[in-house]
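The values are calculated or read from the model by the stated rules, or taken from the named source; none is laboratory data. Everything quoted here is computed from the prediction, not taken from an experiment. A quick note on method: Cβ atoms are made from the backbone with ideal geometry, for glycine too, and the neighbour counts reach across all protein chains shown.
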């Protein structure tokens with residue numbers, strides 16, 4: 001999971017006091033869109049230090065002329081296949097054709113450590129706790145991910161999160177901020193890639209106003225919304241937090257239908273698809289039951305999102321390759337023992353993703369959850385609130 005400290009410029013912030021996750025939005029994002037702000041920050045490498053100290057994460061970027069120039073085999077990414085935020089970064093790695101340029105180590109799906117994140121994500125050990133599709137730490141042979149963080153900063157006091165990108169030459173972390181990685185990875189390695197793979201194709205200039213507009217509520221109400229509902233400490237909080245999740249799904253369903261598919265903004269795969277996919281692919285298999293997001297499901301209540309999801313998973317290289325349902329299901333059900341004390345992982349739904357996408361979106365009905373509170377919040381989204 002993606003953990004950062006209060007005050008870091010990122011769309012997300014989470015802490016976990018007294019065994020409960022509490023999500024905050026950062027005040028500056030009320031007036032500036034997250035990705036527009038991110039572009040402004042990254043325009044100057046001196047806008048902020050790469051790592052301000054033990055309380056801070058890492059905010060470097062790979063790009064020509066920086067401290068981290070593009071080189072094949074120089075950078076290594078630590079991920080968890082369960083984590084939607086790491087999924088974003090790994091998805092861009094696949095889509096950009098960087099799998100032979102950036103290698104990876106994969107932590108186990110569980111356990112995740114205590115309420116303060118200690119000792120954190122673990123690598124499998126031979127003959128002890130081997131786990132399918134998890135790997136050893138390919139760089140250092142570490143037992144826990146925190147050991148890698150301490151190599152970069154021995155006094156580090158933040159979370160030992162995934163993704164994290166390590167630079168073999170300078171011996172430090174480049175970045176552990178998924179939103180930043182998603183943006184700069186689109187162009188950072190272009191000089192090593194064939195022409196067809198170059199450029200920020202997922203953030204094209206002609207679509208940037210739309211991408212920036214929709215990114216705000218997708219992050220706020222869907223990406224983080226499922227966690228606000230799932231980690232609600234009481235009934236009243238849950239009742240309040242479940243509403244934006246389905247309002248966002250309603251709005252996204254209508255948008256996909258309006259734009260005609262097969263992607264969120266029509267015929268162009270953009271950052272919106274990269275932001276939405278890791279959450280929606282986890283929805284029916286994890287969030288619906290584990291986080292009590294059960295007002296509806298993707299496959300039964302959102303025909304346009306279901307076909308969108310099926311198309312990405314079955315037809316677009318990189319999406320299925322970066323998705324691992326065993327890691328996803330077992331992480332949520334076996335890591336959050338305050339929610340699921342017995343650690344039992346449900347078998348369903350079956351199949352994880354339905355088959356045979358139908359790309360004629362014009363004939364699909366527009367699904368929605370018609371609860372009045374959900375429809376009211378959906379109108380706020382559509383008004384840009």
Please enumerate the residues belonging to the stretch 286-299 that are assigned to a helix (DSSP H, G or I) and closer than 24 Å to residue 362 by Cβ. 298, 299
Number of the condition not met by residue 119 [criteria: (1) outside any loop (DSSP other than H, G, I, E, B); (2) touching a strand residue (DSSP E or B) at 6+ places or on another chain (Cβ under 7 Å)]: (1)
Could you grab me the full set of residues in the stretch 100-112 that are closer than 15 Å to residue 323 by Cβ and touching a helix residue (DSSP H, G or I) at 6+ places or on another chain (Cβ under 6 Å)? 109
Matching residues, the stretch 40-72, being touching a helix residue (DSSP H, G or I) at 6+ places or on another chain (Cβ under 7 Å), modelled with pLDDT under 95 and under 15 Å from residue 183 (Cα atoms): 42
Based on this model, can you work out whether residue 352 counts as at pLDDT 95 or above, under 18 Å from the mean Cα position of the chain (by Cα) and either within 28 Å of residue 268 (Cβ to Cβ) or not assigned by TED's automatic domain parsing to the domain that holds residue 220 (or both)? no
Restricting to helices (runs of 4 or more DSSP H) lying wholly in the stretch 209-285: which have 1 or more residues that are more than 20 Å from residue 83 (Cα to Cα), in contact with a helix residue (DSSP H, G or I) (Cβ under 9 Å, 6 or more places away or on another chain) and in contact (Cβ under 8 Å) with a residue 60 or more places away in the chain? 235-259
Determine whether the stretch 355-362 contains at least one residue that is crowded, with 16+ Cβ neighbours inside 10 Å, under 26 Å from the mean Cα position of the chain (by Cα) and in a loop (DSSP other than H, G, I, E, B). yes
Across the stretch 318-342, the tally of residues that are within 18 Å of residue 124 (Cβ to Cβ) and surrounded by fewer than 15 Cβ atoms within 10 Å (Cβ to Cβ) stands at 0
Residues being touching a strand residue (DSSP E or B) at 6+ places or on another chain (Cβ under 7 Å) and either outside the structural domain of residue 53 (by TED's automatic domain parsing) or over 13 Å from residue 57 (Cα atoms) (or both) - total across the stretch 149-165: 0
Residues being touching a helix residue (DSSP H, G or I) at 6+ places or on another chain (Cβ under 8 Å) and either assigned by TED's automatic domain parsing to the domain that holds residue 162 or under 29 Å from residue 78 (Cβ atoms) (or both) - total across the stretch 332-349: 10
Determine, yes or no, whether residue 174 is assigned by TED's automatic domain parsing to the domain that holds residue 100, out of contact with any helix residue (DSSP H, G or I) (no Cβ under 8 Å at 6 or more places or on another chain), crowded, with 22+ Cβ neighbours inside 10 Å and not in a loop (DSSP other than H, G, I, E, B). yes
For the stretch 113-131, does any single residue satisfy the condition of being without any contact (Cβ under 8 Å) to a residue 40 or more places away in the chain, buried (at least 19 other Cβ atoms within 10 Å of the Cβ) and touching a helix residue (DSSP H, G or I) at 6+ places or on another chain (Cβ under 9 Å)? yes
Does any residue of the stretch 66-78 turn out to be in contact with a strand residue (DSSP E or B) (Cβ under 7 Å, 6 or more places away or on another chain), in a loop (DSSP other than H, G, I, E, B) and farther than 18 Å from residue 162 by Cβ? yes
